[in-house]
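Visitor: One structure, pasted below without further comment.
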Amino acid sequence: MKQVVYTASPESQQIHAWQLADDGALTLLQVVDAPGQVQPMVVSPDKRFLYVGVRPDFRVVAYQIDGEGKLTEAGHASLPGSPTHISTDRQGRFIFVGSYNDACVSVSPIGADGLPGEPQQVIAGMDGCHSANIDLINQTLFVPALKQDRICLFDLQENGQLAPHKQAQVTTVAGAGPRHMVFHPNQQYAYCINELDSTVDVWNLNNAHGEVERVQSLDMMPSDFSETRWAADIHLTPDGRFLYSCDRTASILTVFSVSEDGAMLAVEGHQPTETQPRGFNIDNTGRYVVAAGQKSHHIEVYKIGEDRGLLQPLARYAVGQGPMWVVITQL
């Protein structure tokens, strides 16, 4: 399996492309000078394009991915607000962009050529909109509004329009600040990291009443941590066995084991990592974690333990300034 890691460094306005070897080693393939502060990134479902949100002139830039994983700028389209998070639907027909500063989520079409079009829908009024997460069956979009302690639910229609789900929202604990989400492969559970209290919530996506319901909330911090909580990112291994989250104040990755049915988490340990880890990701084999230190200007690769999911540091690499986003694709 040939895998490529992309890291976005907005301070130096660069994207680094790395080849990930079977033993976890990284080899630099390319450094792309981007047209602005590169922020969130996502690879299209067909693996042909990397879509990148860029500031300060709010737009999404499409880079074509060649057979080696190298990038060529192919097109761009405007966005209605500053891009905080970018994702696509599971079929690669639409791009969703959450904007924290502009309190909105937008939908942009993807053409047959893979290039983004101008926004076709903008939904405002979501203060601190921090991500847009489509479920595994490509039906319901979950949009956390951090400053409102709620996750808004929308039905994705065939034409790409978002309509309020019959259960229009779920709420978190007051002051939690929901941020990013991932879905268990069995399609029954989702996990949301809360930025302001550094907890992780487990959401049952279809309870006995056919509703989304929180079934567990777990503290991700060490028991002796007393500073300001500032959680950021969350990812799940492809097999659904281990979940990882990060906190920027403590500069740690928290390791969770996941029950077989996906309903319960247990903290297995905490791994010190690069300073101020804003973004990280897990490779497609579920064997490696790549974490970016926004203040250390390095990324670090970890091997995932097969038993409890604990992390073994392998190597660290200098990247551009302020790395904050990591995506990994299989060619």
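The values are calculated or read from the model by the stated rules, or taken from the named source; none is laboratory data. All values reported here derive from a predicted model rather than from experimental measurement. Here Cβ is always computed from backbone atoms with ideal geometry, including for glycine, and neighbour counts include all displayed protein chains. Side chains included, ligands, DNA and RNA excluded: accessible areas come from the protein's heavy atoms. Shrake-Rupley method; radii C 1.70, N 1.55, O 1.52, S 1.80 Å.
Visitor: Go through the residues of the range 151-167 one by one and say whether even a single one is closer than 21 Å to residue 282 by Cα and assigned to a strand (DSSP E or B).
Guide: The answer is no, given that none of the residues of the range 151-167 is closer than 21 Å to residue 282 by Cα and assigned to a strand (DSSP E or B).
Visitor: I want to confirm something. Restricting to the range 18-60 and keeping residues that are among the β-branched types (Val, Ile, Thr) and touching a residue at least 12 places away in the same chain (Cβ under 8 Å), which single residue is surrounded by the fewest Cβ atoms within 10 Å (Cβ to Cβ)?
Guide: 31
Visitor: Run down 132, 163 and say which single residue is in contact with an Asp or Glu (Cβ under 6 Å, 6 or more places away or on another chain) and either at pLDDT below 95 or over 17 Å from residue 213 (Cα atoms) (or both).
Guide: Being in contact with an Asp or Glu (Cβ under 6 Å, 6 or more places away or on another chain) and either at pLDDT below 95 or over 17 Å from residue 213 (Cα atoms) (or both) holds for just one of 132, 163, which is 163.
Visitor: OK, next. Filter the range 296-328 down to the residues that are among the hydroxyl-bearing types (Ser, Thr, Tyr), open to solvent by less than 30 Å² (accessible area, probe 1.4 Å) and farther than 19 Å from residue 237 by Cβ and list them by number.
Guide: Result: 296, single match.
Visitor: Given the range 61-121, what strands (runs of 3 or more DSSP E) lie entirely inside it while holding 3 or more residues that are open to solvent by less than 50 Å² (accessible area, probe 1.4 Å) and more than 21 Å from residue 134 (Cα to Cα)?
Guide: 71-78
Visitor: Name every residue in the range 275-295 that is surrounded by fewer than 21 Cβ atoms within 10 Å (Cβ to Cβ), farther than 21 Å from residue 54 by Cα and of a type in the set (D, E, K, R), in order of residue number.
Guide: 287
Visitor: Can you pull out every residue in the range 255-270 that is farther than 16 Å from residue 182 by Cα, in contact with a Phe, Trp or Tyr (Cβ under 7 Å, 6 or more places away or on another chain) and surrounded by 15 or more Cβ atoms within 10 Å (Cβ to Cβ)?
Guide: 267, 268
Visitor: Looking at the structure I just gave you, is residue 182 touching a residue at least 24 places away in the same chain (Cβ under 8 Å) and farther than 22 Å from residue 213 by Cβ?
Guide: When the stated conditions are applied, residue 182 does not pass them.
Visitor: Further question: Looking at 139, 148 in this structure, which one is open to solvent by 20 Å² or more (accessible area, probe 1.4 Å) and closer than 26 Å to residue 92 by Cβ?
Guide: 139
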